[in-house]
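Visitor: I have a structure here, written as structure tokens, and I will follow up with some questions on it.
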Amino acid sequence: MTQSRTATTFPPPVMEARRWLDGVIHPDNRPLLNVSQAAPVDPPPVALREAMAEIVLNDAEAHLYGPVLGLPALRAEVAAQWTQSYGGTVTPDQVAITSGCNQAFAAAIATLCAEGDEVIIPVPYYFNHRMWLDMSGVKTVPLQAGQGMIPDANAAAKLITSKTRAIALVSPNNPCGVEYPAQTLLAFRDLARAHGIALIVDETYRDFDSRSGAPHDLFADDAWDDTLIQLYSFSKAYRLTGHRVGAVIASPARLAEIEKFLDTVTICPNQLGQRAALWGMQHLGDWLAGERREILDRRTAIHDHFPRLADKGWELLGCGAYFAYVQHPFAMSSADLAPLLVKQAGVLLLPGTMFMPPDVPGGESQLRIAFANIDRNGVETLFDRLASLTL
């Protein structure tokens, strides 16, 4: 019997990990540290919530269907801010708003791939990208990350076949946290352009990049939209996770195809969420800068405290944005270690096996720590618990 589309892939990893909590009691002196998911747990700032309440009460159009490709004012704001921040030209007709960044990826793949096509993705990968490719009948071609968990375009070139339709990168990376150098992204752009395939760059975490200025100059190329498809999420920047607002930046011709997908799936993005994202872009620049400083301080805290784990055989493979990606020293698979940590350390995190194909080694010794929701003191507590493990 032929498999259904959903049967071709694995269960959602975050939901699977949450089930490890069932029946586990966490004592008062050791509450659960949840570092499993890369999403803010706090609501939007008060000023944004007040603006959203005003919109709910007084903007009748916020409750109706809107344009499939998104609120024109939000598309124009993204284009204007991207043009300024990246040093290139992005126009409103090169921007579409989606119901979260996952949908942006799904929509892009729907316009690029047919059954049996291939997409190259560095591993460890963001598991929802793999899941969508599976359900689309598209083969995931794993590209092993190189030194510093940075993928290499020359290695990717050897994986390109007549069925390759795209290379998909995430920077700052999920799950590894690393920020891809501008030259790395340029090399992948040149490779993709030379082969007539798309380069998808998911920049969900761009607002928390540690570098000053633009992280790359891909948009400075006047012909950028012949190859580049950029994805973005408003969820992390403005704490709008539950409102599902993302974006895809691509050629007008690509967005015309994406419009077909979006119209069929959601008709239009969340109207309140779009207006909230627009208000945030226009009024919360200073607040977002403060959020970035706090995330960067937590990243620094990871580096400050990691020597305690390094002394016990742990290795920090990558760190940045919301994530630290580590290698553990224990003689067991991370798939077994991660559930055990819930019981023995009161720590919920994800094993590297969730970010790797089963036939690619490495994930068994790796763990992802999502530190966006623990402050500097929480980082210290986390490392206290991991350092005290005796297995």
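The values are calculated or read from the model by the stated rules, or taken from the named source; none is laboratory data. Because the structure is a prediction, the values reported are computed rather than measured. Cβ sites come from the backbone with ideal geometry, for glycine too, and all protein chains shown count toward neighbours. The accessibility values were calculated without ligands, DNA or RNA, using every heavy atom of the protein model including side chains. Shrake-Rupley method; radii C 1.70, N 1.55, O 1.52, S 1.80 Å.
Visitor: Under a cut-off of 22 Å between alpha-carbon atoms, report the lysines in cross-link reach of Lys139, not counting same-chain residues fewer than 8 places apart.
Guide: Lys158, Lys163
Visitor: All other residues with a Cβ under 14 Å from the Cβ of Val95 taken together, and with Lys, Arg as +1 and Asp, Glu as -1, what is their net charge?
Guide: -3
Visitor: How many Å² of accessible area per residue for the chain, probe 1.4 Å?
Guide: Working: 16270 Å² over 391 residues.
Heavy-atom accessible area per residue stands at 42 Å².
Visitor: Could you grab the relative contact order for the chain? Cα pairs under 8 Å, six or more apart, rounded to a whole percent. Provide the component values of the computation, followed by the final result.
Guide: Numbers: 732 pairs, mean separation 91.8, N = 391.
So the answer I get is 23 percent.
Visitor: Now for a separate question. What number do you get for the range 193-247 when its Cα radius of gyration is normalised by 2.2 N^0.38 Å, N = residues?
Guide: Values: Rg = 13.3 Å, N = 55, 2.2 N^0.38 = 10.1 Å.
Rounded to two decimals, the normalised Rg is 1.32.
Visitor: What value, in deg cm²/dmol to 500, does the helix sum -39500 (n - 2.57) over DSSP H runs of n ≥ 4 give at 222 nm once divided by the residues of the chain? Walk me through the numbers before you get to the answer.
Guide: Details: 13 runs with 155 residues, N = 391.
That comes out to -12500 deg cm²/dmol.
Visitor: Ratio to report: Rg/Rh of the range 151-308, with Cα atoms as the point set and Rh obtained by the Kirkwood method; give two decimals.
Guide: Values: Rg = 17.5 Å, Rh = 17.5 Å.
Over the Cα atoms of the range 151-308, Rg/Rh equals 1.00.
Visitor: Suppose the chain between Leu186 and Thr6 were pulled fully straight at 0.36 nm per residue; how much longer would it get relative to their current alpha carbon spacing? Mind dumping the intermediate values first?
Guide: Details: separation 180, 0.36 × 180 = 64.80 nm, distance 3.49 nm.
Length gained between Leu186 and Thr6: 61.3 nm.
Visitor: Send over the per residue convex hull volume for the chain, Cα only, as a whole number of Å³. Could the numbers behind the result be given before it?
Guide: On the way: hull volume 60.4 nm³, N = 391.
With only Cα atoms used, the chain gives 154 Å³ per residue.
Visitor: I've got another one for you. What spacing in nm lies between the two simple spin-label points modelled at Glu259 and Leu21, each 7 Å away from Cα in the Cβ direction?
Guide: So the label points at Glu259 and Leu21 sit 4.2 nm apart.
Visitor: Using only the alpha carbons, work out the radius of gyration and Dmax of the range 248-334 in angstrom.
Guide: Calculated on Cα positions, Rg and Dmax stand at 20.9, 54 Å.
Visitor: State log₁₀ I(q)/I(0) for the range 91-240 at q = 0.08 Å⁻¹ as given by the Debye formula over alpha-carbon point scatterers of equal weight, solvent excluded.
Guide: Once normalised to I(0) and log-transformed, intensities are -0.20.
Visitor: Kirkwood hydrodynamic radius of the range 230-389 from all distinct Cα pairs, in Å?
Guide: On the way: mean 1/r = 0.0545 Å⁻¹.
The answer is 18.3 Å.
Visitor: Another one. Compute the distribution of all C-alpha to C-alpha distances in the range 153-205, in bins of 5 Å from 0, and list the percent of pairs in each, rounded to whole numbers.
Guide: Bin by bin from 0 Å, the calculated values are 5, 20, 30, 23, 15, 6, 0.
Visitor: Taking the square root of 5 times each eigenvalue of the Cα gyration tensor, what semi-axes in Å does the equivalent ellipsoid of the range 1-148 have, largest first?
Guide: 32, 28, 18
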